[in-house]
Structure formats: structure tokens, C-alpha cells
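Engineer: Below is a structure I'd like to ask you about.
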Amino acid sequence: MATGQISRRRRLVASDLAGENAEVLQKSEGEEVSAAAEEEVFGLEIGDMLEEFMVANTEL
């Protein structure tokens, strides 16, 4: 195989790997955003329940 063909093949492989890495990174970032949103909602729900509990106990 000629040197030019090896270099071209290496560039193609590197480009393919870079594309796969970018796709994995995007999925990972999406999962992090989703998890953060879920934690925020869950935290707000727990905070609301705690506040209701505190109000209910001070009224006794």
C-alpha cells in the first residue's frame, strides 16, 4: 500500500472515531442534563412536603 493511501486511511479512521466520540459526548451531556432536572424536581417536591409538614406541626 502506498504512503498516500495509508495516510488517507488513517485520516478516515481518525475522522470516524472523532464522530463517534462527539456522539457519545452529546448523549452523555444529555443524560447529565436530564438527571439534573430530575434532581431539581425531586428536590422541590421534597422541599414542598417538608414545608407542609412543618406548617402542619406548628398548627397543632
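Engineer: Being within 14 Å of the chain's Cα centre (by Cα) and assigned to a helix (DSSP H, G or I) is the requirement here; does Gly30 meet it? Quick ask: steps written out before the conclusion?
Structural biologist: On the way: within 14 Å of the chain's Cα centre (by Cα): yes; assigned to a helix (DSSP H, G or I): yes.
Against the criterion (within 14 Å of the chain's Cα centre (by Cα) and assigned to a helix (DSSP H, G or I)), Gly30 qualifies.
Engineer: Right, next: Over 20 Å from the mean Cα position of the chain (by Cα), of a type in the set (A, V, I, L, M) and surrounded by 10 or more Cβ atoms within 10 Å (Cβ to Cβ): does that describe Leu12?
Structural biologist: yes
Engineer: Can you pull out the residues in the stretch 37-58 that are small (Gly, Ala, Ser) and exposed (fewer than 10 other Cβ atoms within 10 Å of the Cβ)? I'd like the intermediate steps shown before the answer.
Structural biologist: So the first thing to find is which residues in the stretch 37-58 are small (Gly, Ala, Ser), and the list is 37, 43, 47, 56.
Selection gives Ala56 alone.
Taken together, the values in this text are just the output of simple stated rules run on the coordinates, not laboratory data. All of these numbers come straight from a predicted model, not from anything done at the bench. We place every Cβ from the backbone using ideal geometry, glycine too, and count neighbours over all the protein chains shown.
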